[in-house]
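Undergrad: Take this structure, written in structure tokens, and hold onto it; I'll ask about it next.
The values are calculated or read from the model by the stated rules, or taken from the named source; none is laboratory data. A quick note: this is a predicted structure, and the numbers were derived from the prediction, not measured. No Cβ is skipped: glycine too gets one built from the backbone with ideal geometry, and neighbour counts run over all protein chains shown.
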Amino acid sequence: MRPNNFPPIICLLGPTASGKTNLSFSLAEQFPIEIINVDSAQIYQGLDIGSGKPSLAQRNKVPHHLMDILDASKPYSAAEFCRDAIKAISEIRLRGRTPLLVGGTMLYFKVLQQGLSVLPSSDPDIRRKLNHMMQANGLDVLYQQLQAVDPVRAKQLSPTDPQRIQRALEIYEMSGKTMTEWLSSPPVVSHPFCFLNIGLVCNETPRFVLHQRIEARFDQMLADGFIKEVQALYQRGDLDVAMPAIRAVGYRQAWQYLTKELSYDEMREKSIAATRQLAKCQLTWLRHWPDLLPLEFDDPQLLAKVAPHFNQQS
């Protein structure tokens with residue numbers, strides 16, 4: 001429940017290349033804002049250019065949270081984001097400042113606002129056993145095992161997603177209940193906050209305008225050294241394309257270019273197409289988002305329409 005006179009947490013949601021970052025910095029020039037990142041690629045160290053991460057100079061001007069918090073080899077779940085975001089919101093408010101959640105990872109926004117089904121915690125022994133089975137027999141064997149015990153969850157997952165396949169099997173071995181059964185329980189909201197969701201959309205703006213932005217943005221990333229960035233990750237030797245960080249849009253395609261699976265032109269084309277598909281999915285989320293305040297992303301009066309909501313934060 002929301003405490004009396006407790007102002008809502010403002011969230012800025014939108015598809016990739018819709019101008020969320022620029023708008024957030026414009027707001028920070030007027031209000032005492034600290035930004036909480038809601039982008040599943042920007043949490044990773046070393047994923048800078050391709051994730052559209054603000055520069056260090058920009059982040060020195062405006063405090064950012066949940067950005068650059070994890071090595072690219074590590075997974076990060078929606079539950080972990082929820083825990084970390086709640087902590088960041090509370091600490092920012094204790095400092096008398098305004099938290100602003102900015103990003104396009106809609107699942108993160110959803111679990112924070114609408115709650116998360118309670119799942120058993122991880123068991124290191126079972127996780128090691130499953131990992132050993134995968135190394136010895138291949139991921140296909142684990143996926144077939146999951147199809148046998150939890151066909152509903154197996155159908156929801158990619159057969160090439162080791163993290164989620166192992167997690168579903170781990171839960172079954174620990175509890176005797178499938179992950180599908182656990183997820184059928186009502187979600188639990190573990191904080192007192194309420195939210196004001198501002199969505200940058202293109203309901204009136206032709207979709208090709210966003211597509212043009214996406215293409216220009218990716219070409220600028222290439223000019224800024226995106227391939228060198230991915231090459232540095234590739235040369236580490238401990239990362240692969242199945243890991244969440246490398247599955248990020250653009251990074252997967254650039255990785256395939258480095259492994260000679262794609263030509264440079266194919267990499268560029270597929271990266272832009274994948275980014276457009278991501279934007280389409282993000283806009284679909286927003287169309288069904290409850291109590292969304294939709295604003296056209298290219299509205300010249302966008303800042304003037306958003307700013308008044310921050311006057312209510314004090």
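Undergrad: Could you list all residues from the range 180-189 that are over 20 Å from the mean Cα position of the chain (by Cα) and over 23 Å from LYS155 (Cβ atoms)?
TA: Listed by number, the list holds a single entry, VAL188.
Undergrad: Let me ask something else about it. Name the single residue, out of those in the range 73-111 being among the basic types (Lys, Arg) and out of contact with any Ser or Thr (no Cβ under 9 Å at 6 or more places or on another chain), that is farthest from GLN282 (Cα to Cα).
TA: Only one residue tops the list, namely ARG95.
Undergrad: Another question about this same structure. Determine, yes or no, whether ALA279 is within 26 Å of TYR76 (Cα to Cα), buried (at least 18 other Cβ atoms within 10 Å of the Cβ) and touching a Pro at 6+ places or on another chain (Cβ under 7 Å).
TA: Yes; evaluated as a whole, the condition is true for this residue.
Undergrad: Still on this model: Take the residues of the range 5-38 that are out of contact with any Leu (no Cβ under 9 Å at 6 or more places or on another chain) and assigned to a loop (DSSP other than H, G, I, E, B): which is nearest to ALA304 (Cα to Cα)?
TA: GLU29
Undergrad: Please pick out the residue among ALA279, ALA245 that is touching an Asp or Glu at 6+ places or on another chain (Cβ under 9 Å) and within 28 Å of SER55 (Cβ to Cβ).
TA: ALA245
Undergrad: A follow-up question, please. Has the range 113-136 got at least one residue that is assigned to a helix (DSSP H, G or I), of a type in the set (Lys, Arg) and farther than 30 Å from TYR172 by Cα?
TA: no
Undergrad: Have a look at GLY199, GLY225 and point out the one that is over 20 Å from VAL38 (Cβ atoms), surrounded by 13 or more Cβ atoms within 10 Å (Cβ to Cβ) and touching a residue at least 60 places away in the same chain (Cβ under 8 Å).
TA: GLY225
Undergrad: Of the residues LYS177, LYS155, LYS129, which single one is of a type in the set (D, E, K, R) and under 27 Å from the mean Cα position of the chain (by Cα)?
TA: Testing whether each residue is of a type in the set (D, E, K, R) and under 27 Å from the mean Cα position of the chain (by Cα) leaves just LYS155.
Undergrad: If you check LEU66, LEU47, which single one turns out to be more than 16 Å from ILE89 (Cβ to Cβ) and aliphatic (A, V, I, L, M)?
TA: Sole residue among the options that is more than 16 Å from ILE89 (Cβ to Cβ) and aliphatic (A, V, I, L, M): LEU47.
Undergrad: Check the range 247-260 and report whether any residue there is closer than 21 Å to SER40 by Cα, modelled with pLDDT under 95 and either assigned by TED's automatic domain parsing to the domain that holds LEU70 or over 22 Å from the mean Cα position of the chain (by Cα) (or both).
TA: For the range 247-260, residues closer than 21 Å to SER40 by Cα, modelled with pLDDT under 95 and either assigned by TED's automatic domain parsing to the domain that holds LEU70 or over 22 Å from the mean Cα position of the chain (by Cα) (or both): present.
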